[in-house]
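Chemist: Below: one structure in structure tokens.
The values are calculated or read from the model by the stated rules, or taken from the named source; none is laboratory data. The structure presented is a predicted model; accordingly, all values stated were derived computationally and were not measured. Neighbour counts are summed over all protein chains in view; Cβ atoms, including those assigned to glycine, are modelled from backbone coordinates with ideal geometry.
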């Protein structure tokens with residue numbers, strides 16, 4: 001029988017749980033012993049272990065060593081907070097990774113003045129901090145496409161295999177989908193309105209993508225008029241909703257260059273990545289096959305690669 005405090009903590013957490021399922025950061029619900037009794041898949045990715053192993057650990061302190069400056073942070077310190085608190089510039093170590101840069105959000109669950117446990121939000125800002133601290137200008141230029149401002153193919157070709165490898169090690173069922181988009185009749189746009197108009201269309205397209213995607217989505221100009229987008233945490237049906245949103249945003253946008261109205265549409269192919277079962281190249285090939293299907297069946301549409309079938 002779980003301790004009374006834990007039962008009460010879980011009961012208090014129930015009303016927050018639906019909201020927590022769509023959080024874009026790792027989280028843990030921690031009881032007074034320091035044990036994690038609820039968490040999401042992003043915590044598994046961060047710690048490089050499974051949800052089951054996380055909940056088996058005697059304390060989250062065994063899985064994640066944290067400190068601010070030279071001062072260690074343990075759950076016993078977090079339990080001293082009685083108000084929601086943000087802790088910046090936290091260094092973290094896991095079994096596989098060192099010197100993570102983290103931001104913590106601590107939310108204590110109280111019954112009157114009695115502490116039941118706490119909700120710990122963990123944001124991994126390691127990559128961003130590394131860019132800011134050491135390689136900000138040079139690294140940004142090396143991974144960003146000059147015209148669109150999106151990530152370039154070089155970055156994408158490194159990022160996707162890396163994140164798939166991390167997810168495979170986590171051993172949890174983490175969904176991820178891939179979208180490939182192509183501007184319809186782009187050569188005709190260049191030939192009719194000029195290459196500056198073509199550049200304008202690509203720039204405008206990148207703004208539309210940013211406005212209609214989540215901050216966690218990875219947007220890339222893959223080359224020429226082709227774009228690739230990674231939808232972390234998205235199953236195929238969710239990716240299709242996102243793809244249709246992008247397609248309609250482009251179709252409804254008024255592209256005007258040098259007083260010329262330019263008709264622009266995009267064709268899209270999407271595939272849900274079989275994490276742990278296929279590599280990045282195989283996933284891209286399936287999304288590309290779906291894109292080809294969209295082109296061949298009339299353009300300005302979304303096609304889905306479902307195993308051996310494309311619809």
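Chemist: Quick test for you: out of 239, 243, 234, 249, pick the one residue that is touching a residue at least 40 places away in the same chain (Cβ under 8 Å), surrounded by 15 or more Cβ atoms within 10 Å (Cβ to Cβ) and assigned to a loop (DSSP other than H, G, I, E, B).
Modeler: 234
Chemist: Taking residue 225 as meeting all but one of (1) farther than 17 Å from residue 270 by Cβ; (2) surrounded by fewer than 18 Cβ atoms within 10 Å (Cβ to Cβ), write down the number of the exception.
Modeler: Single failed check for residue 225: (2).
Chemist: Another question, if that's okay. Being under 25 Å from residue 165 (Cα atoms), touching a residue at least 24 places away in the same chain (Cβ under 8 Å), more than 18 Å from the chain's Cα centre (by Cα) and surrounded by fewer than 21 Cβ atoms within 10 Å (Cβ to Cβ) is the filter here; which residues of segment 39-60 pass it?
Modeler: Matches in segment 39-60: 50, 51.
Chemist: Here's another thing I want to ask about it. If you check 180, 205, which single one turns out to be in a strand (DSSP E or B) and over 16 Å from the mean Cα position of the chain (by Cα)?
Modeler: Step by step, each of 180, 205 is checked, and only 180 is in a strand (DSSP E or B) and over 16 Å from the mean Cα position of the chain (by Cα).
Chemist: Here's another thing I want to ask about it. Using the structure shown, decide if residue 57 is more than 25 Å from residue 232 (Cα to Cα), modelled with pLDDT of 85 or more and either touching a helix residue (DSSP H, G or I) at 6+ places or on another chain (Cβ under 9 Å) or in the same structural domain as residue 94 (by TED's automatic domain parsing) (or both).
Modeler: In short, yes.
Chemist: Tell me, please, whether a residue that is closer than 24 Å to residue 157 by Cα and within 19 Å of the chain's Cα centre (by Cα) can be found in segment 288-301.
Modeler: No, that holds for no residue.
Chemist: Let me ask you something else. Mind listing just one residue for me: the one in segment 100-120 that is over 17 Å from residue 16 (Cβ atoms) and more than 21 Å from the chain's Cα centre (by Cα) and, of those, modelled with the highest pLDDT?
Modeler: Applying the filter and picking the extreme gives 114.
Chemist: In this structure, does residue 90 turn out to be assigned to a strand (DSSP E or B), within 26 Å of residue 16 (Cβ to Cβ) and touching a helix residue (DSSP H, G or I) at 6+ places or on another chain (Cβ under 6 Å)? Quick ask: steps written out before the conclusion?
Modeler: Working: assigned to a strand (DSSP E or B): yes; within 26 Å of residue 16 (Cβ to Cβ): yes; touching a helix residue (DSSP H, G or I) at 6+ places or on another chain (Cβ under 6 Å): no.
The answer is no for residue 90.
Chemist: Is there a residue in segment 281-292 that is loosely packed, with under 12 Cβ neighbours inside 10 Å and either free of Cβ contacts under 8 Å to residues at least 40 places away in the same chain or within 17 Å of residue 148 (Cα to Cα) (or both)?
Modeler: So the first thing to find is which residues in segment 281-292 are loosely packed, with under 12 Cβ neighbours inside 10 Å, and the list is 281.
Subset that is either free of Cβ contacts under 8 Å to residues at least 40 places away in the same chain or within 17 Å of residue 148 (Cα to Cα) (or both): 281.
Yes: one or more hits.
Chemist: Here's another thing I want to ask about it. Restricting to segment 58-68, name every residue that is outside any strand (DSSP E or B) and under 18 Å from residue 97 (Cα atoms). Steps first, please.
Modeler: At the first step, the residues of segment 58-68 found to be outside any strand (DSSP E or B) are 58-64.
Residues satisfying the conditions are 60, 61, 62, 63, 64.
Chemist: Taking into account only those residues within segment 258-274 that are crowded, with 18+ Cβ neighbours inside 10 Å and at pLDDT below 95, which is farthest from the chain's Cα centre (by Cα)?
Modeler: 271
Chemist: Being surrounded by 15 or more Cβ atoms within 10 Å (Cβ to Cβ) and within 15 Å of residue 107 (Cα to Cα) is the filter here, so list the residues in segment 17-36 that pass it.
Modeler: 20, 25, 26, 27, 28, 29, 30, 31, 32, 34, 36
Chemist: Scan segment 113-123 and tell me whether some residue there is in contact (Cβ under 8 Å) with a residue 40 or more places away in the chain, in the same structural domain as residue 23 (by TED's automatic domain parsing) and within 30 Å of residue 205 (Cα to Cα).
Modeler: Yes, that holds for at least one residue.
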